[in-house]
Amino acid sequence: MNISHSSRRFRTALSLATAILLGACAQTPVPPDQSTSGPDVSTASEPPLLAESAATQAAPLPVALRPDHPQTYTVVPGDTLWSIAGRFLQNPWQWRQIWRQNPQIRNPNRIYPGDVLRFSYDANGQPQLEVAEREETPLLKLSPEIRVEELSQPIPPVPRDAVESFLTRALVLSEGQWKGAPYIVADDDNQILYADRDRVYARGAIFDQPRYQVFRPSEPLIEPGSGRSLGVAGIYMGQAVLEKDADPATLVLANTVAPVRVGDRLFPFEAETELYSFEPHPVPPDTDGFILANLDPDVTQITQYSSVVINLGAQEGLEPGHVLAIYGKDREVEDQVSGGTIKIPGERSGLVMVYKVYDLVSYALVMQAERAIRLQDRVTTP
């Protein structure tokens, strides 16, 4: 009985305290920046918190410097952005986090042989790398006559000779695009295989270009797990020079790298991909894919500077310069003590950097090979 009576008195006191508190809140003046004439407080205060959370989640990892990094470095011919980044960083894909462009010099986003790079810390204590010295060629007013001048080329992000042939001599198309491409129907001598200086005939298009590339479709690129076709890669066979546009058109083969045959497809020359317009940087978090193929059919092993096809493309947000880590496939082993099987996770085996992107797949260059790399190995955020 006493307990019940005490409870009623407690509830009455609590209700009275709540009413007094609400009344005091109602009479509290609103600060000028939160007045009713401004934006609604509930909507104005939430977005900054959400934006801050998103920014925190998207913040890059702290820069991991090499303990033996130099304070200055003079760029030499043969350097790449990757090799220079590796002199200063434990993770070369963090290049964007330390590179500072110098607006006072020409082409500040490019690095040339002879540039002196200087390492320092900015006002916030963050590491940075910038061009300390560059010998600028003075602009001279020249009389109108022909001059031959050797132009200095900026250093590329990756070794050019490792990817050059795949920049212009490779393509991935859908099966429908392959079927719709112009094709070779015969030669002028009833041969089975054709080579340089052989005259061939082609159909399937209006031939209005002076020179074409000859490709042969390979096997479809099949995605592990889903089994879906991601396209068909082309094997570069050579070139063909147009002699006459008719039905069939007449062309002469040139610079062939393998025998050409009936059914091979013809494509106009593709403009060379700009190799100096990207730098190494990591893919977004939670990016996962697989190595589908080795672009060099004559090489059985995937090693450093091998070009591979991965099952990630523009639809997944990939772009040239993206770096991914390679991991071997998981494997199951027998537990000889307790019985049954256990899954052993695949170990990291290297790094690849994307240099050419299609809708569903990309070409990537193996930058580091720490152990054996195989088809269907996983590629993911480093």
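The values are calculated or read from the model by the stated rules, or taken from the named source; none is laboratory data. If you're wondering where the values come from, they're calculated on a predicted model, not measured in any experiment. Don't worry about glycine lacking a Cβ; one is built from the backbone with ideal geometry, like all the others, and counts go over all protein chains shown.
When you check L230 against the structure, is it part of a strand (DSSP E or B), touching a strand residue (DSSP E or B) at 6+ places or on another chain (Cβ under 8 Å) and either within 14 Å of P182 (Cβ to Cβ) or without any contact (Cβ under 8 Å) to a residue 12 or more places away in the chain (or both), yes or no?
Criteria not met by L230.
Filter segment 99-145 for residues that are modelled with pLDDT of 75 or more and closer than 19 Å to P156 by Cβ and give the result.
Answer for segment 99-145, where residues must be modelled with pLDDT of 75 or more and closer than 19 Å to P156 by Cβ: W99, R110, I111, Y112, P113, G114, D115, L117, L129, V131.
Between a residue in segment 210-225 that is within 25 Å of K329 (Cα to Cα) and any residue that is of a type in the set (K, R), which pairs come within a Cβ distance under 9 Å, given they are 6 or more apart or on different chains?
Cβ pairs passing all conditions: I222/R228.
Could you give me the residue pairs with C-beta distances under 7 Å whose first residue belongs to segment 107-127 and is more than 20 Å from D68 (Cα to Cα), whose second residue is part of a loop (DSSP other than H, G, I, E, B) and modelled with pLDDT of 90 or more wherever it lies, and which are 6+ apart or on separate chains?
Note: pairs meeting the criteria are I111/V75; Y112/V75; P113/V75; P113/V76; P113/P77; G114/V75; D115/V75.
Surrounded by fewer than 13 Cβ atoms within 10 Å (Cβ to Cβ) and not hydrophobic (A, V, I, L, M, F, W, C) - does that describe any residue in segment 191-202?
Yes, there is a match, as at least one residue in segment 191-202 is surrounded by fewer than 13 Cβ atoms within 10 Å (Cβ to Cβ) and not hydrophobic (A, V, I, L, M, F, W, C).
Give me the strands (runs of 3 or more DSSP E) completely within segment 274-382, filtered to those with at least 2 residues that are in contact with an Asp or Glu (Cβ under 6 Å, 6 or more places away or on another chain), ordered by residue number.
Hits in segment 274-382: 341-344, 348-357.
Looking at (1) surrounded by fewer than 14 Cβ atoms within 10 Å (Cβ to Cβ); (2) under 30 Å from S277 (Cα atoms), find the lone condition where W178 falls short.
Answer for W178: the failing condition is (1).
Quick one: which residue in V357, V379 is in contact (Cβ under 8 Å) with a residue 60 or more places away in the chain, under 23 Å from G227 (Cα atoms) and not acidic (D, E)?
The conditions single out V379.
Does V357 meet the test of being at pLDDT 95 or above and either surrounded by 11 or more Cβ atoms within 10 Å (Cβ to Cβ) or among the aromatic types (F, W, Y) (or both)?
Considered against the rule, which asks whether it is at pLDDT 95 or above and either surrounded by 11 or more Cβ atoms within 10 Å (Cβ to Cβ) or among the aromatic types (F, W, Y) (or both), V357 comes out as no.
If I go through segment 205-219 residue by residue, how many of them are under 26 Å from the mean Cα position of the chain (by Cα) and modelled with pLDDT under 90?
Result for segment 205-219: 2.
Taking segment 220-245 on its own, how many of its residues are over 24 Å from the mean Cα position of the chain (by Cα) and surrounded by fewer than 17 Cβ atoms within 10 Å (Cβ to Cβ)?
Total satisfying the criteria: 4.
Okay, residues lined up against (1) closer than 17 Å to A258 by Cβ; (2) free of Cβ contacts under 8 Å to residues at least 24 places away in the same chain; (3) among the aliphatic types (A, V, I, L, M):
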position	(1), (2), (3)
A162	no, no, yes
R169	yes, no, no
V172	no, no, yes
A181	no, no, yes
D187	yes, yes, no
Q191	yes, yes, no
A205	no, no, yes
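So which of L295, L351, L312 ends up being in contact (Cβ under 8 Å) with a residue 40 or more places away in the chain and over 24 Å from L173 (Cα atoms)?
Answer to the check: L351.
Looking only at segment 235-264, count every residue that is part of a strand (DSSP E or B) and either under 18 Å from P210 (Cβ atoms) or in contact with a Ser or Thr (Cβ under 7 Å, 6 or more places away or on another chain) (or both) and tell me the total.
15
Output the residues belonging to segment 336-382 that are within 16 Å of the chain's Cα centre (by Cα) and of a type in the set (S, T, N, Q).
S362, Q368, T380, T381
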